[in-house]
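Just below is one structure, and these are the notes that go with it.
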C-alpha cells in the first residue's frame, strides 16, 4: 500500500479548501513557489508556516497533516503502548521479586507496578530493570 507523503496530504488539504497555490500562499504570507515545493516533497514547512496554517484554518489537525495518522489511530496506538508498558512493568516487578527472593502482598505489588508504569509512561523511556531491582531491594 502506498503511504501518502506530507506533500500529498498538504496538497489534498489545499484542494479540499478549494484554494489555488497562490491563494493559500496569500493566506500563509509566503510564495506560491514555496507551496509548490512543499506539495512536491522538495521542502518541509517551517514552524512559522505551520503556525500560520493553524491560525488561518483552526479546524486543521496538524498532527494528522504531518504524520498522516488519524485521531482514532493515535488513540489505538497510545492504548497499545500503554498495555505493552503495563505488561512490561508487571514482568519486571515479578522477575525482580523472584530474583531477590522477596515477597510482596498483592496490594503493595500493585502499587509498585503502578508507580513504575507512571514513571515510565511520563518519560517515554523503556523500563530500567536494574533500577527496579534497586527499588525492590531497598523496600522494606
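Is it the case, given these coordinates, that residue 111 is modelled with pLDDT of 80 or more, closer than 30 Å to residue 64 by Cβ and not assigned by TED's automatic domain parsing to the domain that holds residue 63? Spelling it out, it is not the case that residue 111 is modelled with pLDDT of 80 or more, closer than 30 Å to residue 64 by Cβ and not assigned by TED's automatic domain parsing to the domain that holds residue 63.
The set of residues from region 74-107 being touching a helix residue (DSSP H, G or I) at 6+ places or on another chain (Cβ under 9 Å) and modelled with pLDDT under 80 comprises 74, 81, 82. Exactly one residue out of 110, 52, 56 is surrounded by 13 or more Cβ atoms within 10 Å (Cβ to Cβ) and closer than 30 Å to residue 138 by Cβ, and it is 110.
Test residue 95 against the criterion of being within 30 Å of residue 133 (Cβ to Cβ) and either out of contact with any strand residue (DSSP E or B) (no Cβ under 7 Å at 6 or more places or on another chain) or part of a loop (DSSP other than H, G, I, E, B) (or both), and give yes or no. Taking the combined requirement at face value, the residue satisfies it. The residues of region 25-36 that are more than 11 Å from residue 10 (Cα to Cα) and free of Cβ contacts under 8 Å to residues at least 24 places away in the same chain, listed by number, are 25, 26, 29, 30, 31, 32, 33, 34. Would region 67-82 turn up any residue that is in contact (Cβ under 8 Å) with a residue 24 or more places away in the chain, exposed (fewer than 13 other Cβ atoms within 10 Å of the Cβ) and in a helix (DSSP H, G or I)? Yes, that holds for at least one residue. Taking region 1-45 as the region of interest, the helices (runs of 4 or more DSSP H) fully inside it that hold 2 or more residues being under 25 Å from the mean Cα position of the chain (by Cα) and at negative phi are 6-16, 32-39. Looking across region 114-131 at every residue that is under 18 Å from residue 80 (Cβ atoms) and in a loop (DSSP other than H, G, I, E, B), the one that is modelled with the highest pLDDT is identified as 127.
The values are calculated or read from the model by the stated rules, or taken from the named source; none is laboratory data. All values reported here derive from a predicted model rather than from experimental measurement. Here Cβ is always computed from backbone atoms with ideal geometry, including for glycine, and neighbour counts include all displayed protein chains.
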